[in-house]
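Q: Handing you a structure now.
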Amino acid sequence: MTGEDAPTAGEGDSDSSDGSATSGDAVSSDGSGVVRRDRFSGGPARGFMSSLAADERIFAADLAVDRAHVVMLAEQDIVDDEVAGDILAALEEVESAGHAALPEGEDVHEAIETAVVERVGQDGGKMHTARSRNDEVATCIRYRLREDLLESAEATVALREALVEAAAEHVDTVMPGYTHLQPAQPTTVAHFLLSYESAFARDTARLLDAYDRTNRSPLGAAAFAGTPFDVDRERTAELLGFDGGSASKASGASSGAERLDGVVANSMDAAAGRDFLAESTAALATHATTLSGLAEDLVIFANKGFVDLADEYSSTSSIMPQKVNPDTLELVRAVAGDAIGGLSGLLTTLKGLPRAYNRDLQRATPHAWETVDAVSEATAVAAGAVATAEWPAETLEAAAGEGFSTATGVADALAMAGVPFRTAHEVLAAAAERADGDTPDIATLDAVAADVLGESLFTYVSRERVEAALDPVQSVASRDSAGGPAPEAVADQLVDAETGIDADTAALGDRRDALADAADLLDAEVGDYA
């Protein structure tokens, strides 16, 4: 998407002051379109500069932006109703023909305008009155990206639903917990899965925040310095569903920077700013990083026999038929690298760009498109893998106590009896060393306690209390602090997770409804000129 501020109707000195097209607005004899006059129409650089093929992604967005702009121009008496009707009818034909039928052009914006002029004649050039491709492309990108962000956020919610459903089935399924990939403490499958649900909930929030700041209209900023025409920027924002969402309300939209409802107020910022792209890509890269952690854990657990992945999310070897490989999750894990690379490429492109518009921005947007596509797909795959995975309870419980993972439970029991925790830690460390990595028996624990404390272990805790602390199931049950793995603590977490999912589902629905209402409004207004 170029957005290059070449002379266009209503802006350049080749056009009359009322925005009507001169003969220069007609399609050039060599097919170079309405923007790039003969002087700029040839040479190998034209292909290098063109983004028309890649712009298929914003074809529908550009048509919507064109329609809203033309309706506003007519309402403001900048363009005659009859001319507006002819342009809108031509845009309908362009839409029906599709992107592939567009004439050659430097970008989709020029190609659509050329197609309109071909159908309407010189008056078709009036559709570009009071705007530049700079504000046009910025609006199109935001229009399309907000849809992608909603889809990505919806994918995170679906993943969270899969995690919660699986967790609800495994509240009592004890499993090993690790730090540094070493046996640490017993936990449950539910506790493990909900740890990721919490992280993905924050990812959802970041995507919604990014959506709200993306959902603001730059249209009407023109090249960057505004326009002498009496445009109504809030009207085009309304017709296109730009409202800034909850983010503008939360940040205080009454401040000077965002006084206009749903509009990026400063015209230079509106045309040049791409921080919404950076924020969106950063939110996606953060989500992909969390997603990669989940994938890594499942790959490792599959290796240990702690989880069985469905065949739909696995593959076999081309030469070793016994293999069941977690290939899809390995690809999910790799997407984080793509997303981080996309963010790095985008920020590097944006770094140091002077105000206002620079052609570098044409290379910035694809980083966001590629990232949102890859991350959304990976999220859906991860959700499917979680939903279809099986967790072998007996295998997990048998492994839960390996590596003396219940040591902390015995130390906690001593600390609760009045032994300083560091002293209790010393007792259990010595017992672990004496047991050489296995779980020490009670006799060994008592002998070590006598060495360190100078008296029997049972002076402080009962045998029954020690036996309970050594049992992985009872160890988990004892850890009932808020957010812990005990079944009653996990039950509270499940309620909180379900509440959060319901709230985010409603928030997504509200945003979807607002966009649908705006689309209906635009269709109705366009219909008045039929």
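The values are calculated or read from the model by the stated rules, or taken from the named source; none is laboratory data. Computed from a prediction, not measured in an experiment: that's the story for all the values here. Positions of Cβ are backbone-derived with ideal geometry, glycine not excepted, and every protein chain shown enters the neighbour counts.
Q: So is Leu309 at pLDDT below 95, surrounded by 15 or more Cβ atoms within 10 Å (Cβ to Cβ) and either of a type outside the set (Lys, Arg) or within 30 Å of Gly177 (Cα to Cα) (or both) or not?
A: On the way: at pLDDT below 95: yes; surrounded by 15 or more Cβ atoms within 10 Å (Cβ to Cβ): yes; either of a type outside the set (Lys, Arg) or within 30 Å of Gly177 (Cα to Cα) (or both): yes.
Criteria met by Leu309.
Residues checked against (1) under 23 Å from the mean Cα position of the chain (by Cα); (2) modelled with pLDDT under 95; (3) not assigned by TED's automatic domain parsing to the domain that holds Val307:
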{"residue": "Ile112", "(1), (2), (3)": "no, yes, yes"}
{"residue": "Ala184", "(1), (2), (3)": "no, yes, no"}
{"residue": "Leu193", "(1), (2), (3)": "yes, no, no"}
{"residue": "Ala205", "(1), (2), (3)": "yes, no, no"}
{"residue": "Leu208", "(1), (2), (3)": "yes, no, no"}
{"residue": "Asp212", "(1), (2), (3)": "yes, no, no"}
{"residue": "Arg216", "(1), (2), (3)": "yes, no, no"}
{"residue": "Ala221", "(1), (2), (3)": "no, no, no"}
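Q: Restricting attention to the range 480-508, and to residues there that are without any contact (Cβ under 8 Å) to a residue 24 or more places away in the chain, surrounded by 13 or more Cβ atoms within 10 Å (Cβ to Cβ) and not small (Gly, Ala, Ser), which single residue is farthest from Met175 (Cα to Cα)?
A: Asp496
Q: Kindly indicate the residue of the range 431-460 that is in contact with a Lys or Arg (Cβ under 7 Å, 6 or more places away or on another chain) and β-branched (Val, Ile, Thr) and also nearest to Gly418 (Cα to Cα) among those meeting that condition.
A: Within the range 431-460, the subset in contact with a Lys or Arg (Cβ under 7 Å, 6 or more places away or on another chain) is 440, 442, 444, 448.
Narrowing further to those that are β-branched (Val, Ile, Thr): 442, 444, 448.
Details: Ile442: 20, Thr444: 21, Val448: 18 Å.
Checking each candidate, the answer is Val448.
Q: Among (1) without any contact (Cβ under 8 Å) to a residue 24 or more places away in the chain; (2) in a helix (DSSP H, G or I), there is one condition Thr328 misses while meeting the rest; what is its number?
A: (1)
Q: Suppose the filter is out of contact with any helix residue (DSSP H, G or I) (no Cβ under 7 Å at 6 or more places or on another chain), of a type in the set (Ser, Thr, Tyr), in a helix (DSSP H, G or I) and buried (at least 19 other Cβ atoms within 10 Å of the Cβ); does Thr114 pass it? Spell out how you get there, then give the answer.
A: Working: out of contact with any helix residue (DSSP H, G or I) (no Cβ under 7 Å at 6 or more places or on another chain): yes; of a type in the set (Ser, Thr, Tyr): yes; in a helix (DSSP H, G or I): yes; buried (at least 19 other Cβ atoms within 10 Å of the Cβ): yes.
Considered against the rule, which asks whether it is out of contact with any helix residue (DSSP H, G or I) (no Cβ under 7 Å at 6 or more places or on another chain), of a type in the set (Ser, Thr, Tyr), in a helix (DSSP H, G or I) and buried (at least 19 other Cβ atoms within 10 Å of the Cβ), Thr114 comes out as yes.
Q: Which ones in the range 86-111 are in a helix (DSSP H, G or I) and either surrounded by fewer than 18 Cβ atoms within 10 Å (Cβ to Cβ) or of a type in the set (Asp, Glu) (or both)?
A: Pass one, the range 86-111, residues in a helix (DSSP H, G or I): 86-97, 99-101, 108-111.
Residues satisfying the conditions are Asp86, Ala89, Glu92, Glu93, Glu95, Ser96, Ala97, Ala100, Ala101, Glu110.
Q: Report yes if Leu343 is surrounded by fewer than 17 Cβ atoms within 10 Å (Cβ to Cβ) and in the same structural domain as Ile300 (by TED's automatic domain parsing), otherwise no.
A: Details: surrounded by fewer than 17 Cβ atoms within 10 Å (Cβ to Cβ): no; in the same structural domain as Ile300 (by TED's automatic domain parsing): yes.
No.
Q: Looking only at the range 172-188, count every residue that is crowded, with 20+ Cβ neighbours inside 10 Å and either on the phi > 0 side of the Ramachandran plot or aliphatic (A, V, I, L, M) (or both) and tell me the total.
A: Looking only at that region, the number is 2.
Q: Output yes when any residue across the range 113-127 is of a type in the set (A, V, I, L, M, F, W, C), under 30 Å from Ala503 (Cα atoms) and in contact with an Asp or Glu (Cβ under 6 Å, 6 or more places away or on another chain), and no when none is.
A: From the range 113-127, those of a type in the set (A, V, I, L, M, F, W, C) are 115-117, 120, 127; that's our starting set.
Remaining after also requiring under 30 Å from Ala503 (Cα atoms): none.
No; the residues of the range 113-127 include none that is of a type in the set (A, V, I, L, M, F, W, C), under 30 Å from Ala503 (Cα atoms) and in contact with an Asp or Glu (Cβ under 6 Å, 6 or more places away or on another chain).
Q: When the residues of the range 346-391 are narrowed to those that are in a helix (DSSP H, G or I) and hydroxyl-bearing (Ser, Thr, Tyr), which ends up surrounded by the fewest Cβ atoms within 10 Å (Cβ to Cβ)?
A: For the range 346-391, the residue satisfying everything is Thr348.
Q: Further, regarding this structure: Of (1) over 30 Å from Asn303 (Cα atoms); (2) touching a residue at least 40 places away in the same chain (Cβ under 8 Å); (3) assigned to a helix (DSSP H, G or I), Thr444 satisfies all except one. Which?
A: Every condition holds for Thr444 apart from (2).
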